[in-house]
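Values quoted throughout were computed directly from the atomic coordinates according to the rules given, and no laboratory measurement underlies them. If you're wondering where the values come from, they're calculated on a predicted model, not measured in any experiment. FYI the Cβ positions are ideal-geometry reconstructions off the backbone, even for glycines, and counts take in every protein chain you see.
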Amino acid sequence: MNMKVVMAGVMAGMISVNLLADTDTTSNEPIIVESHVDLDKLVAGIGPKIYESGEIVTNVRNYAFAECRQIETIRAGYAQIVGIAAFRGCVKLTEVDLPLVTTIVQSSPIFAGCINLVNVYLPMINLQEAKAMGFPWQCPARAAVFHFKDGDYDKNGRKL
């Protein structure tokens, strides 16, 4: 499998992420970020269909995936913190896997506009912790299931 890579660079103290020039942004192959601790911003409006972070990415910064209208799956296996509106406007997003996340910026509308969201995996936090962090994070998707440490819940916090 030929995996495409997102190159991250530092500009004026901020992390910026740029797709390689020859990268097909509509590919089903995962885009993998291997460098830098913070994922600051993926290319809004385009971006990959599948995003998978490398082990060094521990923070999904404010608006990191905002308005990435092609992305369907996000796997940030080493991320521990999710910032404000990190996934806002990802209209095709169906799955988010954040197995190590313990902090979501309180009252953050991280899933606003994610109308097709089906599964969100957050196994390190329970429902009460999620509520303290602003759950349901303005998730409009009717079919969304949040998989927390203490069970599976719908977008209204009802146990499934």
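Listing for the model above:
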read-out	value
From phi via Karplus (6.51, -1.76, 1.60), per-residue ³J(HN,Hα) for segment 125-141 in Hz, x at Gly/Pro	10, 9, 4, 5, 5, 4, 4, 5, 9, x, 3, x, 6, 6, 7, x, 5
Calculated from backbone phi, Karplus (6.51, -1.76, 1.60) coupling profile of segment 102-114 in Hz, x at Gly/Pro	10, 9, 10, 3, 3, 6, 7, x, 5, 10, 4, x, 8
Residue-by-residue Karplus 3J(HN,Hα) for segment 55-71, coefficients 6.51, -1.76, 1.60, Hz, glycine and proline x	5, 7, 7, 10, 10, 9, 6, 3, 6, 3, 10, 3, 6, 7, 7, 9, 5
Label-point separation, Met124 to Thr103 (7 Å along Cα→Cβ), nm	1.1
Normalised contact order of segment 48-160, rounded percent, pairs of Cα under 8 Å and 6 or more residues apart	20
Three semi-axes of the equivalent ellipsoid, segment 42-120, Cα gyration tensor, whole Å, largest first	17, 14, 11
